[in-house]
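What follows is a single structure, written as structure tokens, with notes after it.
Here, each number is a calculation from the coordinates, and none is a lab measurement. Predicted model only: the values in this text are computed from it and were never measured. Cβ placement follows ideal geometry from the backbone for every residue including glycine, while neighbour counts extend to all protein chains displayed.
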Amino acid sequence: MHKFAPFFLVAALAVAGPVSAQDHGSMNHGATKTDHNAHAGQGAAQSAENPVIHAYQDANNRMHADMGIAFTGDADVDFLRGMIPHHQGAIDMARVELKYGKDPAVRKLAQEIIAAQEKEIAQMRQWLAERGQK
């Protein structure tokens with residue numbers, strides 16, 4: 001399996017998983033702004049009452065906020081600085097799965113994702129530190 005395959009699977013699960021289709025922030029996916037506005041609020045009451053939705057929304061919001069890095073213009077540095085919070089988002093989502101998920105195969109995948117993403121975050125931080133970057 002390619003070393004980034006678990007990451008892409010988490011991304012796919014995030015889109016297709018238990019989060020409502022309206023709860024995907026600024027991602028367009030072909031819908032018009034009018035489409036999004038027409039559906040705004042449909043899941044608001046449900047999400048406020050559902051701890052799974054709330055947990056995924058929190059993880060997603062934290063990831064997107066943390067990805068708002070100050071770009072340096074160095075493609076390597078900027079890539080790693082953006083990928084660290086992106087990987088952390090995958091870890092946070094996997095932890096939601098472990099807390100609320102029931103399917104043994106998905107739970108196993110979540111554990112594997114945590115291990116892989118933590119290892120890659122350590123590698124990225126080390127690379128940055130070796131070059132005097134944060």
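By the compact-protein rule of thumb, 2.2 N^0.38 Å, the alpha-carbon radius of gyration of segment 41-134 corresponds to a ratio of 1.28.
One chain, two ends: residue 50 and residue 102. Fully extended at 0.36 nm per residue, the span grows by 17.1 nm beyond their Cα-Cα distance. Checking every one of the trypsin sites (Lys or Arg not before Pro) in segment 66-130 against DSSP loop status and a limit of 15 other Cβ atoms within 10 Å picks out 102. Each other residue within a Cβ distance under 11 Å of residue 81 adds +1 if Lys or Arg and -1 if Asp or Glu, for a net charge of -2. Among the chymotrypsin sites (Phe, Trp or Tyr not before Pro) in segment 51-134, those located in a DSSP loop and surrounded by at most 13 other Cβ atoms within 10 Å of their own Cβ are 71.
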